[in-house]
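Enquirer: Shown below is the structure under consideration.
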Amino acid sequence: MIGYVTIGVKDMDRAKAFYTELLADLGATLLIDMDRIAFIGKDMASPMLAVCRPFNEGDPAPGNGNMVAIDPGSKEKVDQLYNKAIELGASCEGKPGQRIPDMFYGAYIRDLDGNKLAFYQLA
């Protein structure tokens, strides 16, 4: 149902490097690279993450309560993505762990521009 999610960034080169490296182990690559927007994903038919400089040329502003959630397929991959994001300069918003007993395992980070992401696995 979701085609792509867009998040605003200040530095396109930095954001493309962060997200292509972070999501590479999930099979994602840089699919479309235009001047102010880039799409990262597995293929054009699967959901993608887009990073962009805002159209109005203002500063990007991460929303309070907005978050992109990525299901990498296992708890181990949640841990791997979280650790990789931290290594790439992201900040911790919640270390990997069981959030809802026997149902939801998750980890939370903020990217280099303050956008919040969750990595999760449902039981």
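The values are calculated or read from the model by the stated rules, or taken from the named source; none is laboratory data. Only a predicted model underlies this, so the values are computations on that prediction, with no experimental measurement involved. Cβ sites come from the backbone with ideal geometry, for glycine too, and all protein chains shown count toward neighbours.
Enquirer: Being under 20 Å from Leu88 (Cα atoms), acidic (Asp, Glu) and out of contact with any helix residue (DSSP H, G or I) (no Cβ under 7 Å at 6 or more places or on another chain) narrows it down to one of Asp35, Asp13, so name that one. Reasoning before the result, please.
Expert: On the way: Asp35 fails: under 20 Å from Leu88 (Cα atoms).
Every option except Asp13 fails the conditions.
Enquirer: Being part of a loop (DSSP other than H, G, I, E, B) and at pLDDT 95 or above is true for just one of Asp35, Asp43. Which residue is that? So that I can check it myself, show each step before the final result.
Expert: On the way: Asp35 fails: at pLDDT 95 or above.
Matching residue, one of Asp35, Asp43: Asp43.
Enquirer: In the list Asn66, Asn115, Asn83, which residue meets the criterion of being among the polar types (S, T, N, Q) and either in contact with a His (Cβ under 9 Å, 6 or more places away or on another chain) or crowded, with 19+ Cβ neighbours inside 10 Å (or both)?
Expert: Step by step, each of Asn66, Asn115, Asn83 is checked, and only Asn115 is among the polar types (S, T, N, Q) and either in contact with a His (Cβ under 9 Å, 6 or more places away or on another chain) or crowded, with 19+ Cβ neighbours inside 10 Å (or both).
Enquirer: Can you tell me which residue in the stretch 1-28 is farthest from Lys116 (Cα to Cα), limited to those that are among the hydrophobic types (A, V, I, L, M, F, W, C) and part of a loop (DSSP other than H, G, I, E, B)? Break it down stepwise before answering.
Expert: From the stretch 1-28, those among the hydrophobic types (A, V, I, L, M, F, W, C) are 1-2, 5, 7, 9, 12, 15, 17-18, 22-24, 26, 28; that's our starting set.
Those left that are additionally part of a loop (DSSP other than H, G, I, E, B): 1-2, 9, 28.
Numbers: Met1: 21, Ile2: 18, Val9: 12, Ala28: 19 Å.
Step by step, filter the stretch 1-28, then rank; the result is Met1.
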